[in-house]
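Shown next, in structure tokens, is the structure this report addresses.
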Amino acid sequence: MKDSNVSVAINPNRETLPSVDETIGEQADLLSSHLQSMSEALFPPTSQKILRKFTSGEAARLMGVSDSTLRKMTLAGEGPQPETTSNGRRLYTLSEINQIRRLLAQSTRGRESIEFVPHRRTGEHLQVLAVTNFKGGSGKTTTSAHLAQYLALQGYRVLAVDLDPQASLSALLGVLPELDVSSNQTLYAAIRYDSDRRNLSEVIRSTYFDGLDLVPGNLELMEFEHTTPKALSAGAAGETLFFARVAAALDEVADNYDVVVIDCPPQLGFLTLSGLCAATAMIVTVHPQMLDISSMSQFLLMTRDLLGVVRDAGGDLKYDFIRYLLTRFEPQDAPQTKVAALLRNLFDDHVLTNPMVKSAAVSDAGLTKQTLYEIGRENLTRSTYDRAMEALDAVNSEVETLIKHAWGRA
């Protein structure tokens, strides 16, 4: 029986309201157009991102030599000659730094050549690092970009793979997914199931970072989530199963690289599973808050179950290391400190010793789609920049050490 005192308000204009998809579409177009305008203002269509030059002191630290050694090489005419500013400062491009590394490796100067050019040697397998988490906002893409750039600065040959359809890593590395990436120009081109499949080398792009290449992403990657169920149901004989397709694609270019950094999507779909099966190591980024920890717990449980199915189907799931990286960490925040202590008690050495601290420097650099390695100390508050760089280098150096241990290097 209806209550006569209850009245139901009916919007008389409901029939004339736009549908949800139309509203969302209008807002998406508006935001996309605005972001494109901002991007064109910062980086005009005819321009490309260019990495800043490094002072002689920075270059010397990157190569592990003294500034005086570089000065002597310049005076002797050895290697590329740096740009000299009006006040006498010597500036080097990353390409010039790598040229000098190769010269130093040939002369060794009392040190092993691998200290200057740390490329893989015979018997050392390609390192594929999957940076992942189920929850967005954990610093996954920022971690991937900074790690890839750090390794390139150390002289490694690095391939960054954007496996996320949102393509934030591509944007950070100077490739705008909406403007610069056309059909069949993402990783999907190398892992698709039809005759349009391409060799991965055909979609790899050089970046403004010498030694760092990119496989860009965009919304096309979502096609893999749609075509894989069809391929599984079809069960074509001799077809590479979905979880081995990223690994097979990377095998096509493995000889050209030392390290691959994969930025995984923030969900457990076929793309993420294929990326995890291609990996030799995994880094899980986690913000030390209880909600994030709870989300990560669900992520780990789901990953275990799904990878267990993959293993039973013949997938090889042996990692050199698994590490949890605390991101956006605030040491003065008592609840965060407690959560960090909890994780260290539970996972012990599986938590990286060094956290990535929360810093305005990272946010400020991100406003112009740059990383801390690009923006330069002079463009930010120096004390803030130095603190952030100290934490960032500590994290990435720890990961580099794990890579070396996996190769059997001291």
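Among the conditions (1) under 30 Å from VAL357 (Cα atoms); (2) modelled with pLDDT of 90 or more, GLY123 misses just one, which is (1). At positive phi and free of Cβ contacts under 8 Å to residues at least 40 places away in the same chain, is that true of GLY57? In short, no.
The criterion of at least 3 residues that are over 23 Å from THR141 (Cα atoms) is met, among helices (runs of 4 or more DSSP H) falling completely within the range 248-366, by 290-312, 334-347. The combined condition, being under 15 Å from GLY211 (Cβ atoms) and open to solvent by 40 Å² or more (accessible area, probe 1.4 Å), is fulfilled by GLN99. Inside the range 102-119, residues that are part of a helix (DSSP H, G or I), in contact with a Phe, Trp or Tyr (Cβ under 8 Å, 6 or more places away or on another chain) and open to solvent by less than 90 Å² (accessible area, probe 1.4 Å) make up a count of 2. Just the residues that are closer than 14 Å to GLN127 by Cα and of a type in the set (Ser, Thr, Tyr), please, taken from the range 231-289. Result: TYR257, THR280. Kindly indicate whether ASP349 is loosely packed, with under 14 Cβ neighbours inside 10 Å, without any contact (Cβ under 8 Å) to a residue 12 or more places away in the chain and in contact with a helix residue (DSSP H, G or I) (Cβ under 9 Å, 6 or more places away or on another chain). No: the conditions fail for ASP349. Scanning for something out of contact with any Ser or Thr (no Cβ under 7 Å at 6 or more places or on another chain), touching a residue at least 60 places away in the same chain (Cβ under 8 Å), not acidic (Asp, Glu) and not in a loop (DSSP other than H, G, I, E, B), does the range 77-95 turn up at least one residue? Yes; the residues of the range 77-95 include at least one that is out of contact with any Ser or Thr (no Cβ under 7 Å at 6 or more places or on another chain), touching a residue at least 60 places away in the same chain (Cβ under 8 Å), not acidic (Asp, Glu) and not in a loop (DSSP other than H, G, I, E, B).
The values are calculated or read from the model by the stated rules, or taken from the named source; none is laboratory data. Here the structure is a predicted model, which means the values were calculated and not measured. For neighbour counting, all protein chains shown are included, and Cβ atoms are generated from backbone atoms with ideal geometry for every residue, glycine included. Heavy atoms of the whole protein, side chains included, go into the accessibility calculation; ligands, DNA and RNA do not. Shrake-Rupley method; radii C 1.70, N 1.55, O 1.52, S 1.80 Å.
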